[in-house]
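Some notes on the structure that comes next.
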2 protein chains.
Amino acid sequence: MKYSFIETKQDSDFPIQNLPYGIVQPSDLSPRVGTAIGDYVLDLSIIDEAGLLNGTGAEGKNIFSASSLNPFMALGLPVWKAVREKLQYLLDQETADLRDNEELRAKAFYPQSKVRMLLPVQIGDYTDFYASKEHATNVGTMFRGKDNALMPNWKHVPIGYHGRASSIVLSGTDVRRPLGQTKPAHAEAPVFGPTAQLDFELEMGWFIGPGNQLGQPISVDQAEDQVFGMVLVNDWSARDIQSWEYQPLGPFLAKNFATSISPWVVPFEALEPFRQAGPVQDPEPLAYLKQKKNGAFNINLEVYLKPENDSEETQITKTNFNYMYWSVAQQVAHHTITGCNLRPGDMHASGTISGLERSERGSMLELTWRGAEPLELKNGDKRTWIEDGDELIIRGYCQGDGYRIGFGEVRGTVLPALSEADILGVEKAIN
Amino acid sequence: MKYSFIETKQDSDFPIQNLPYGIVQPSDLSPRVGTAIGDYVLDLSIIDEAGLLNGTGAEGKNIFSASSLNPFMALGLPVWKAVREKLQYLLDQETADLRDNEELRAKAFYPQSKVRMLLPVQIGDYTDFYASKEHATNVGTMFRGKDNALMPNWKHVPIGYHGRASSIVLSGTDVRRPLGQTKPAHAEAPVFGPTAQLDFELEMGWFIGPGNQLGQPISVDQAEDQVFGMVLVNDWSARDIQSWEYQPLGPFLAKNFATSISPWVVPFEALEPFRQAGPVQDPEPLAYLKQKKNGAFNINLEVYLKPENDSEETQITKTNFNYMYWSVAQQVAHHTITGCNLRPGDMHASGTISGLERSERGSMLELTWRGAEPLELKNGDKRTWIEDGDELIIRGYCQGDGYRIGFGEVRGTVLPALSEADILGVEKAIN
């Protein structure tokens, strides 16, 4: 096995096999591209300047002094591969170039705790899919009954919808409980106020590389070449707003107030050892969705909830990305079959990832069966939905033999809603 | 009435009362911001350079040499007002500054026919609403029957959904008929192929100015201050793809292959003389949607269809923007009530605008009642849906006393679909 001269523990998220990309801001310096290795960050703009990335096709273009990964994403797979290979070479314990250059090492590495992480990508369009059969079945059962749980289109069409890009925020950003319209079950008319059913959704997201020209679909067997890398996603949702608004055009305000992502983008190539067969697809998909390779990946996913003023996290979900019925490649191919153009920096997310067991469900909606079966936390508190002050944490990793490809985490704490007076002005609110 | 020293005919779309903004590219020059006046374009980067925009708050910042209107949009209402006022002063027949400066005039004006128009805005997020009661009722009647035509939420919630920003194209861009999955009414399984129900949607769009911080809603009475200006929109739709895919997350591929917009962005302020009361809203909207001012605008809208190899256009729709049940301000306020952040360059569209009469319907779906009542064109051809080679043209204007505030037009011609072999590779297609 390969090791780096930067020591990484066996359970580190960031061994030399991973090398995720992020936008880091060391104190007093401008944002730049870094890669995580053990507890450190390697500053790619510094080693590019030193000529160590020569020959990759990315060198000397200010790609790594950019404040987003978009310019790097636009370069495409051959360059991504060359840079990754070069980084694995440079960080190898056997390679002297960087290891023995004390001056450069002092400039190029920062402890992760000393840098600020920024949103890694300037996201153009964000598309959210609905690709877990277990999730779609659970939600369908709750909303339409067991017999109509899965819509007739679900096993033919990788269902998705356009999400809101502007409100995608970095892990650690607080999330304000949204206000909105809801309609209590037996009320005559809707009411206005803070959502009473704030939820998380455990998802994974991927970023698109060069993309395609408008009018030119990406075939399913070429789709993975467009995938730069992956992150953890929490697609915060307000279920009471959602159930009142979603007919007939789908979720809108229920999900536009915040979507949190993890800061490190794990290269799609790093997931290759964890590729496996996904669920059997029956009926067979149409030709444009038939993928030759296995399209699933074995990624462990965990969700934790930490109440305010409590240091202890309770694990509330443990599931796996390999439950996804539709693969990443199938979702990308489907998205573009009409000719829709994808651009560097577009984000796709999987939709909520739920497994077969109750403990594997990826949302409060499913875990508490729409509030009917509260969760018990370690401190004895109960939860039907997420409460003010709660912090939600998602973690994920692929377990290799003696190493991990980790995604780090995405976390967010819920702030209380604004008052009606805050937003309408006092005069209007009291009339 | 005010007149310009640049002659404009009474039925010109672009008198001195209008002054829409666009991104123009004169031959051999870089893209820049221009305003339309009569048959000419005034190059704002040239007159800014000459100091004529001093004192507006936009001067000397390269705002007008940008390749999109976004930097201008980000400056906000006081600057938009100052620039507009200054332009109306400079173009007035009584003002000598520009009129009598022959050298500057020669540099600053181009015939419109000599410049290339570009997409005026770098669009971040695109949101499409569904704000015409007549359209929602027509569609609801066709899909769910007369008794369930309007969903219970419709008169309470300005229904909208996130659209696809990457495929928004400029007027004149050809539109390729999309491929996709459809499910014929009595078929066992879906089939793959070109849409057989290609449609247009007559809409209007508006662009957002500075926007708001995440977590801070925009109140309904301040919402119009965020609206930079408006364009004509054709939200191309594939109805057979839509009806198979849209449950439960709304339209996705059916509308992501192209949305066409007109090139000139008419300042929201230019519409002020055409403000009027909209339809009575009953039941009363919730407090956050109650607008003090009248929120409707009297804008005439027309749709024409021109078959291939035919020089004659047939008018197929004539309606008005004042049919909109939900106002622009209400839609903006609703969008942000959860705290969702809008950014400069975001585009909102109204949804299809239909009126009470059959001739006022804003889509083929409604005009032909889902294909049951074909339209007859001037050349005797019939249409149930849009055919390959057809050109669709939308025009719009406010009729003042002796002048027009025109939106110009948005046009697009339909190209035949790609073949399955084109997209899958020949090997796969014959297997």
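The values are calculated or read from the model by the stated rules, or taken from the named source; none is laboratory data. What you see is a predicted model, and the numbers here were worked out from it, not measured in a lab. Virtual Cβ from ideal backbone geometry, glycine too; neighbours counted across all protein chains shown. These accessible areas exclude ligands, DNA and RNA; they are computed on the full protein's heavy atoms, side chains included. Shrake-Rupley method; radii C 1.70, N 1.55, O 1.52, S 1.80 Å.
Laid out as a table, the results:
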item	result
Only listed residue being part of a loop (DSSP other than H, G, I, E, B), of a type outside the set (Lys, Arg) and closer than 17 Å to B:Thr127 by Cα, chosen from B:Pro263, B:Pro251	B:Pro251
In segment A:181-202, residue farthest from the other protein chains (Cβ to nearest Cβ) [restricted to those that are among the small types (Gly, Ala, Ser) and under 22 Å from B:Asn341 (Cα atoms)]	A:Ala196
Count - residues of segment B:145-159 that are of a type in the set (Lys, Arg) and under 26 Å from B:His335 (Cβ atoms)	1
Unique residue being under 16 Å from B:Asn322 (Cα atoms) and of a type outside the set (A, V, I, L, M, F, W, C) when the list is B:Asn256, B:Asn300	B:Asn300
Residue within segment B:33-45 that is outside the structural domain of B:Pro263 (by TED's automatic domain parsing) and open to solvent by 50 Å² or more (accessible area, probe 1.4 Å) present	yes
Residue check, B:Thr127 more than 14 Å from chain A (Cβ to nearest Cβ) and touching a helix residue (DSSP H, G or I) at 6+ places or on another chain (Cβ under 8 Å)	no
B:Asp128 vs. criteria within 30 Å of A:Tyr126 (Cβ to Cβ) and charged (D, E, K, R)	yes
Scope segment A:22-32; condition at pLDDT 95 or above and open to solvent by 10 Å² or more (accessible area, probe 1.4 Å); matching residues	A:Gln25, A:Leu29, A:Ser30, A:Pro31, A:Arg32
Residue match in segment B:312-319 (condition: open to solvent by 20 Å² or more (accessible area, probe 1.4 Å) and either under 27 Å from B:Leu19 (Cβ atoms) or among the aromatic types (Phe, Trp, Tyr) (or both))	yes
Residues located in segment B:240-263, provided they are open to solvent by 10 Å² or more (accessible area, probe 1.4 Å) and touching a strand residue (DSSP E or B) at 6+ places or on another chain (Cβ under 6 Å)	B:Asp240, B:Trp244, B:Leu249, B:Lys255, B:Pro263
The listed residue being more than 30 Å from B:Ser68 (Cβ to Cβ), surrounded by fewer than 17 Cβ atoms within 10 Å (Cβ to Cβ) and not charged (D, E, K, R), out of B:Pro285, B:Pro279, B:Pro307	B:Pro279
Matching entry among A:Gly408, A:Gly371, A:Gly396 (being of a type in the set (Gly, Ala, Ser) and part of a loop (DSSP other than H, G, I, E, B))	A:Gly371
Filter result (among the hydrophobic types (A, V, I, L, M, F, W, C) and at the interface with chain B (Cβ under 10 Å from one of its Cβ atoms)) within segment A:239-277	A:Ile241, A:Trp244, A:Leu249, A:Phe252, A:Leu253, A:Ala254, A:Phe257, A:Ala258
Single residue of B:Pro178, B:Pro217 found to be open to solvent by 10 Å² or more (accessible area, probe 1.4 Å), at the interface with chain A (Cβ under 10 Å from one of its Cβ atoms), touching a helix residue (DSSP H, G or I) at 6+ places or on another chain (Cβ under 9 Å) and modelled with pLDDT of 95 or more	B:Pro217
Failed item in (1) more than 13 Å from every other protein chain (Cβ to nearest Cβ); (2) in contact with a Phe, Trp or Tyr (Cβ under 7 Å, 6 or more places away or on another chain), with B:Lys306 passing the rest	(2)
Residue within segment A:72-86 that is surrounded by 14 or more Cβ atoms within 10 Å (Cβ to Cβ), under 28 Å from A:Tyr397 (Cβ atoms) and acidic (Asp, Glu) present	no
Filter result for A:Pro158 (at the interface with chain B (Cβ under 7 Å from one of its Cβ atoms), open to solvent by less than 10 Å² (accessible area, probe 1.4 Å), under 24 Å from the mean Cα position of the chain (by Cα) and in contact (Cβ under 8 Å) with a residue 40 or more places away in the chain)	no
Qualifying residue in segment B:151-168 (condition: closer than 24 Å to B:Ala74 by Cα and hydrophobic (A, V, I, L, M, F, W, C))	yes
Which numbered condition B:Gly229 misses (of (1) touching a strand residue (DSSP E or B) at 6+ places or on another chain (Cβ under 8 Å); (2) small (Gly, Ala, Ser); (3) within 13 Å of chain A (Cβ to nearest Cβ); (4) open to solvent by less than 10 Å² (accessible area, probe 1.4 Å))	(3)
Residue among B:Gly140, B:Gly172, B:Gly145, B:Gly211 that is at positive phi and modelled with pLDDT under 95	B:Gly145
Which listed residue, of B:Gly205, B:Gly209, is away from chain A (no Cβ under 13 Å) and touching a Phe, Trp or Tyr at 6+ places or on another chain (Cβ under 6 Å)	B:Gly209
